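Everything on this sheet refers to the single structure shown next.
The numbers here are math on the coordinates, done by the rules we state, and not lab data. Because the structure is a prediction, the values reported are computed rather than measured. Glycine also receives a Cβ, built like all others from the backbone with ideal geometry; neighbour counts cover every protein chain displayed.
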């Protein structure tokens with residue numbers, strides 16, 4: 001396994017439902033304790049650990065002794081409400097044995113898609129780490145309504161399970177490493193249940209061919225290898241290495257961080273700034289801005305988006321929101337933070353910069369979207 005640069009010793013660990021529960025969904029305390037022991041040892045060595053955990057819905061189902069209906073979202077949310085307290089009570093008790101305090105952070109997509117909330121969440125997590133407290137994070141299944149609300153053409157969300165949530169947290173905190181623990185040993189050449197399947201120890205780049213290998217989905221959880229690969233792709237493009245490994249392997253977390261050959265290692269392929277990471281992966285897009293060919297070319301050449309290059313806008317957005325940039329073919333090619341509301345852009349689209357003040361009565365920025373706040377989509381991100 002390649003050497004991992006752990007300069008800040010900040011590691012995000014994501015553990016899935018199948019790694020924490022028995023077949024009936026009840027919590028597997030033995031496995032939880034094995035995880036806690038490893039995390040505690042790392043903290044004693046000076047590492048900062050953020051734990052993204054699943055298991056609330058499954059443990060709630062077990063507590064209520066009810067058979068879940070996968071199409072009954074309200075019931076699943078009720079199970080999450082029951083299961084969260086059970087899950088956290090066990091984490092608190094187990095970590096308490098090693099003198100470590102825990103905190104619970106429940107997040108929805110809006111907590112990360114809104115810039116102020118995103119920064120505030122990062123500040124709270126940073127403070128908890130300074131206090132020696134482990135932030136234990138989970139998607140807020142009780143209040144999240146993504147599955148209940150049809151999305152419009154202009155509104156995109158960026159995570160729907162804890163695999164993707166973990167990478168967004170890793171990006172936000174600029175973590176040194178993301179470790180995703182599951183019930184499989186890593187990425188295989190085919191479904192790992194097949195005898196001819198082989199573990200892929202190192203992935204230098206996630207290719208379309210690699211994605212076609214992915215099969216399987218978790219029984220009790222919502223994720224699968226597909227979302228894990230998606231999470232790895234987002235993290236590595238942002239400069240964060242990823243390890244996917246089997247949580248049941250003895251000392252898996254300790255060995256992974258020590259650089260031993262565990263699971264599948266994904267090498268970082270890019271390096272985005274913190275703001276670009278949020279634009280690219282953290283924020284939800286709230287609208288669409290259509291550009292003429294000249295404006296598209298100017299942006300690819302390194303320029304900002306000016307009103308004169310805009311032909312049309314749609315959506316529901318205001319200052320500071322992220323929108324998708326659309327070319328004349330109707331293709332999304334970028335995302336950026338807008339300096340004007342949709343109403344203002346409708347008034348100044350197609351105008352020269354010196355006409356903005358005359359039209360609006362003021363000029364907030366010469367640019368509708370500043371170049372440093374634009375992220376150009378890769379081919380994989382366009383899909």
>> Can you tell me the orientation of helix 225-237 relative to the chain, as the angle in degrees between its alpha-carbon axis and the longest Cα principal axis, to the nearest 10?
In response: 60 degrees
>> Sequence gap at least 6, Cα distance under 8 Å: using those rules, report the relative contact order of region 285-376 to the nearest whole percent.
In response: 33 percent
> In whole percent, what relative contact order does region 10-277 give with Cα contacts below 8 Å and a gap of six or more residues?
Replying inline: 21 percent
> Among 335, 371, which comes first, second and so on when ranked by fewest other beta-carbon atoms within 10 Å?
Replying inline: 371, 335
>> With n ≥ 4 as the cut-off for DSSP H runs, can you work out [θ] at 222 nm for the chain, using -39500 (n - 2.57) per run divided by the number of residues, rounded to the nearest 500?
In response: -10000 deg cm²/dmol
>> Could you list 88, 225 so that the one with the fewest beta carbons within 10 Å of its beta carbon is first and the one with the most is last?
In response: 88, 225
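Among 265, 300, 333, which comes first, second and so on when ranked by fewest other beta-carbon atoms within 10 Å?
Starting with the residue having the fewest Cβ neighbours, the order is 300, 333, 265.
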> What is the helix-to-structure angle for 73-96, meaning the angle in degrees between its Cα long axis and the longest Cα principal axis of the chain, kept from 0 to 90 and rounded to the nearest 10?
Replying inline: 60 degrees
> Over the chain, what is the percentage of antiparallel beta bridges among all DSSP beta bridges, to the nearest 5?
Replying inline: 40 percent
>> What is the angle, in °, between the Cα long axis of helix 29-44 and the longest principal axis of the Cα atoms in the chain? Nearest 10 is fine, range 0 to 90.
In response: 70 degrees
>> Among 51-61, 336-346, how do they line up by average Cβ neighbours within 10 Å per residue, starting with the highest?
In response: 51-61, 336-346
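Highest mean first, what order results for 35-47, 243-255 on Cβ atoms within 10 Å?
Answer by packing, highest mean first, reads 243-255, 35-47.
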